[in-house]
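Below is one structure; the comments refer to it alone.
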Amino acid sequence: MKFVAEALGLSPVAARRLEEKNILKQAFIRHPFFSDVIDAFKLDRKFGEYEEGTLIAKTVDGVQIVRGYPKIRRALTLYPTIKKHFRGEVVFEEKMNGYNVRIVMFGENLYAITRGGYICPYTTEKARMLINPDFFKDHPNLMLCCEAVGEESPFVPKDVYGIKEIDFYVFDVRDRRTNEALPIREKEKLADEYGFKLAPILAEVHVSEAHEVAKDVIRELGRKGREGIVIKDPNMKRQPIKYTTSESNCSDLSFAFRFFGEYGKDFMFSRIIREGFQAFELDDEEEFKRRCTRLGEAILKAMVESIREVREGKKVCDRMRLRFYDLEVFELFKEHVRRMGVNAEFSEPIEENRSYVVWFYRHMKSTTDRIRHILEGNLWQ
Ligand code: ATP
Ligand code: MG
């Protein structure tokens with residue numbers, strides 16, 4: 001672990017603090033699939049200027065730091081928030097709903113790092129198939145920050161994008177060592193040159209009218225079941241801000257109440273508060289009524305389904321369809337999930353067009369047990 005302290009430029013005192021606070025975690029599984037990595041750790045929490053999820057890897061190219069993706073703060077109102085935080089022009093990008101991946105090259109191969117800083121075998125396999133590696137040969141200091149979206153996602157499966165498997169949508173190009181983001185125009189140029197898909201750039205508007213344009217954009221995205229927008233400074237010098245649709249808030253709530261034993265109360269509460277401010281700012285009487293129904297159903301419908309499942313003697317489970325092109329990567333992924341502390345089961349792989357489909361089950365034990373306890377006539381507490 002000495003290379004970590006050196007790479008981060010820590011004094012002996014700071015290095016000790018890093019160890020005492022238990023902030024470093026092993027970030028990968030030693031395996032020929034990750035042959036360019038000799039050793040790798042990730043920051044489990046923010047440390048000094050380094051974001052949570054920062055990866056420090058000893059690789060065949062020497063020691064490399066890949067900074068964690070910064071937190072994006074949330075707006076609850078469009079006005080006056082956008083006006084207050086930006087100057088001049090702002091860009092609205094679609095906020096795609098998947099999971100955050102940073103893609104880098106070590107040695108001759110691509111590596112996909114998830115938000116927490118793990119090198120993920122599932123995602124790395126797909127990145128090596130879908131991302132043009134020439135980009136990294138020409139720009140070794142840059143990383144692609146992408147949303148991995150689609151139905152075959154181990155973490156956030158969604159069918160609203162019409163992607164049956166999984167794909168990567170670049171939303172930032174950053175210096176992996178300093179975390180400085182390229183201006184949006186340069187990102188577009190690089191995407192064009194190397195054939196990357198971008199998270200859609202929806203509009204560029206002056207701050208004075210941005211809140212009005214955003215209202216229409218948000219309603220339209222909501223109708224399509226999309227998540228929301230990230231509002232960015234074209235030069236990427238100011239911190240971006242996110243804002244989500246009611247449909248996305250409600251879909252989160254539905255998920256959280258389906259698995260109410262597993263999800264924290266903060267997760268639920270924050271989404272209800274978002275709906276309150278959005279209703280206040282956007283709704284006429286009709287829209288307000290529709291929102292009430294949507295919110296109520298989101299909370300109750302999925303929860304009643306879970307209760308029915310337990311009454312029928314089933315366990316409450318989340319299930320995801322995955323696809324592997326190499327069964328060795330499936331073995332690695334099982335170990336990866338185990339190390340992440342996820343309680344998971346997998347079906348036997350079924351061969352399909354030179355790949356293997358696997359079902360990934362997460363048993364929601366706390367929800368199942370609590371429902372069963374109540375259905376047996378016991379009291380809540
Ligand atoms: P955060 O700590 O950044 O708030 P979170 O886990 O709460 O993260 P989200 O609410 O999903 O995440 O919002 C931020 C995330 O949105 C980013 O980490 C990124 O993965 C995702 N994202 C999707 N589209 C974009 C985009 N166009 N620009 C920036 N981020 C995007
Ligand atoms: Mg997200």
Residue list for the stretch 253-289, given a label point 7 angstrom along the Cα-to-Cβ vector of Gln381 and an amide N cut-off under 17 Å
261, 265-266
Pairwise FRET efficiency - Ser208 versus Ile38, Cβ, R0 = 51 Å, nearest 0.05
0.45
Ordered by residue, what ³J(HN,Hα) values in Hz, to whole numbers, does the stretch 341-356 give under the Karplus form 6.51 cos²θ - 1.76 cosθ + 1.60, where θ = phi - 60° and Gly and Pro are x?
x, 8, 7, 10, 10, 10, 7, 5, x, 10, 6, 7, 6, 6, 9, 10
In a shell of Cβ-Cβ distance under 13 Å around His206, excluding His206 itself, what net charge do Lys and Arg (+1) and Asp and Glu (-1) give?
-3
Gyration tensor (alpha-carbon) shape descriptor, the stretch 317-375, a/c threshold 1.5:
oblate
At 0.36 nm per residue, and after removing the present C-alpha to C-alpha distance, how many nm does the segment from Ile272 to Thr178 gain when stretched out fully?
30.2 nm
Just want the ordering: Tyr69, Tyr356, Tyr325, from fewest to most Cβ atoms lying within 10 Å of their own Cβ.
Tyr325, Tyr356, Tyr69
Run the numbers for Lys365 and Arg321: contour at 0.36 nm per residue of separation, minus the present Cα-Cα distance, in nm.
13.8 nm
Using C-alpha positions alone, give me the convex hull volume of the stretch 255-381 per residue in cubic angstrom.
176
Evaluate the relative contact order of the chain (contact order divided by residue number), counting alpha-carbon pairs under 8 angstrom at least 6 apart; express in whole percent.
14
For the modelled label position 7 Å from the Cα of Lys265 along Cα-to-Cβ, which residues of the stretch 355-381 have backbone nitrogen atoms closer than 12 Å?
none
Taking the number of other C-beta atoms within 10 Å as the exposure measure, put Glu212, Glu247 in order starting with the fewest.
Glu212, Glu247
Once whole DSSP H runs in the chain are found, which of them have Cα atoms spread over 30 Å or more along the helix axis and a mean Kyte-Doolittle score of at least -0.5?
none
So if R0 is 41 Å, what FRET efficiency would Asn353 and Lys224 give, r being the distance between their Cβ atoms, rounded to the nearest 0.05?
0.90
If each part is reduced to its alpha-carbon centroid, the stretch 288-346 and the stretch 171-198 end up apart, in Å, by 33
Taking the beta-carbon count within 10 Å as an exposure proxy, list Thr244, Thr77, Thr293 from fewest neighbours to most.
Thr293, Thr77, Thr244
Pulled fully out, how much extra length does the chain show between Arg17 and Ile374, if you take 0.36 nm times their separation in residues and subtract their Cα-Cα distance?
123.9 nm
Relative contact order (percent, whole number), the stretch 317-375, Cα cutoff 8 Å, 6+ residue spacing
44
Cα→Cβ-extended label distance, 7 Å offset, between Glu281 and Glu331, nm
5.2
Under the rule of -39500 (n - 2.57) per DSSP H run of 4 or more residues, summed and divided by the residues of the chain, what mean residue ellipticity at 222 nm is obtained, to the nearest 500 deg cm²/dmol?
-12000 deg cm²/dmol
Which of the pairs Lys197/Lys242; Lys95/Lys215; Lys126/Lys164; Lys58/Lys95 have their Cα atoms more than 22 Å apart in this structure?
Lys58/Lys95
So if the hydrodynamic radius of the chain is defined as the Kirkwood radius over C-alpha pairs, what does Stokes-Einstein give as its diffusion coefficient at 4 °C and 1.567 mPa s, in µm² per second?
57
Taking Cα pairs under 8 Å and at least six residues apart, what relative contact order does the stretch 210-337 come out at, in percent?
20
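Each value in this text was obtained by applying a stated rule to the coordinates, not by laboratory testing. Note that the coordinates shown come from a computational prediction; the quantities given were computed from them, not determined experimentally. Every residue, glycine among them, receives a Cβ derived from its backbone with ideal geometry; neighbour counts consider all protein chains shown.
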